[in-house]
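Notes to accompany the following structure.
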Amino acid sequence: MSHFQGQMGGHQQNPPMRGAFSPISAEQQQQFAYNQYASPQPQHAYPQPQAQQAYPQQPFVAQQGPLPGQSTPYGLFAQNLQSNPAAQMGMQFAGNAMNAMQENVQQNVERYVSMRQLKHYFDVSNIYVLSKLRALVFPWMQKSWHRYAERDQTGQVVGFKSPREDANSPDLYIPVMGLVSYVIVIGLIIGRLGVFRPEDLGYTASSALGVIVFEVLLIKMFCYLLNVGSELQFLDIVAFSGYKFVTTILVVLLKPWAPWWMTWSAFLYFGFALAFFMIRSLRHALIPESSSVTGVNVHRKRRIHFLFVIAMTQFLYIWILMQYKSSAVKP
């Protein structure tokens, strides 16, 4: 049998069959291995993947609202509410109940305090607030303390002008803001000492309101005994009693940082300032200039003494409000 030839006609020849009549020598095996390695491998045509088309990247824009044809849960709820007669009846019943409750509360409140009068005491302006604060801190610099009367179309006196129109008229805006500021200042001072607790704010507010209630009831009792009628209204007393928070805050701010002599000097100064302010402000109501008022000549001397007592008790009230203590400190 002939020896194995390399490549014939560009085709690779298979190795000779190995059998009993065709032995393969070692030289033929080496030649076959060389031809297998040196011959070019057939290239198969595999489909190549196409290059991906490059699209410009668009910026992501968040969609505002639902897609067209897509409803939100709130929209479904509103549709169900509008199409449900029982739900509409329930909403109407709830609205009527709220209106009735509001009218009931308003009627009960107006039994004691008129909402019209309450709005009168909160009718303030920036100029009025600055003028009133100056009168509280430097009362001896103010010359006029006369209040302007408000008259109706017939010329009769129906009351006094609002604080916006009269700088000497009492208001409730400054007392309310003074009370809130006083509670916050006391909380900050206690917090600086490192013994603050949330219940200290409630304790401070309760103590301050207790002082105001005591003074208002005391003045109201003496007004009844001295036959002081419509000259001094209940909300006027509340307003004048609440002005003490302005001067008390100034003293309280000096207490933790200033020396003791400066604190007590401020206490005496603002005490006299508040007493002078109360005398000049309440004089028109307790001791009117007109002698035609019933009982003025009889109780004039007693009213003067009562006015002096009101002025001197301001020192006691300021001293009480200066005493702050945290509930974390055990006595």
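The values are calculated or read from the model by the stated rules, or taken from the named source; none is laboratory data. As the structure is a prediction and not an experimental result, all values here were calculated from the model. Note: ideal-geometry Cβ built from the backbone for every residue, glycine included; neighbour counts use all protein chains shown. To get the accessible areas, we keep the full protein, side chains included, count just its heavy atoms, and leave off ligands, DNA and RNA. Shrake-Rupley method; radii C 1.70, N 1.55, O 1.52, S 1.80 Å.
Odds and ends about this structure:
- Per-residue 3J(HN,Hα) values for region 151-156, derived from phi via the Karplus relation 6.51 cos²θ - 1.76 cosθ + 1.60 with θ = phi - 60°, read 10, 8, 5, 7, x, 7 Hz in sequence order (x marks Gly and Pro).
- FRET efficiency for the pair Asn227 and Phe315, taken as 1/(1 + (r/R0)^6) with r the Cβ-Cβ distance and R0 = 41 Å, rounds to 0.90.
- Rolling a 1.4 Å probe across the protein heavy atoms gives region 207-269 an accessible surface of 49 Å² per residue.
- From most to least packed by mean Cβ count within 10 Å, the peptides 166-175, 183-192 give 166-175, 183-192.
- Going by accessible surface with a 1.4 Å probe and the largest first, Tyr324, Tyr203, Tyr224, Tyr121 read Tyr224, Tyr203, Tyr324, Tyr121.
- For region 177-297, the fraction of 1.4 Å probe accessible surface lying on carbon and sulfur atoms is 70 percent.
- Calculated FRET efficiency for the pair Asn104/Arg134, C-beta based, R₀ 51 Å, to 0.05: 0.75
- Table column - 3J(HN,Hα) (Hz), region 120-127, Karplus curve with 6.51, -1.76, 1.60, x for Gly and Pro: 4, 7, 9, 8, 10, 9, 5, 5
- As a rough guide to protection, the peptides 123-135, 153-165 ranked by mean Cβ packing within 10 Å, highest first, stand as 123-135, 153-165.
- In this simple spin-label model, placing a label point 7 Å from the Cα along the Cα-to-Cβ direction at both Glu150 and Trp264 gives a separation of 4.7 nm.
- Ordered from largest to smallest accessible area (heavy atoms of protein chains, 1.4 Å probe), the residues His120, His146 come out as His146, His120.
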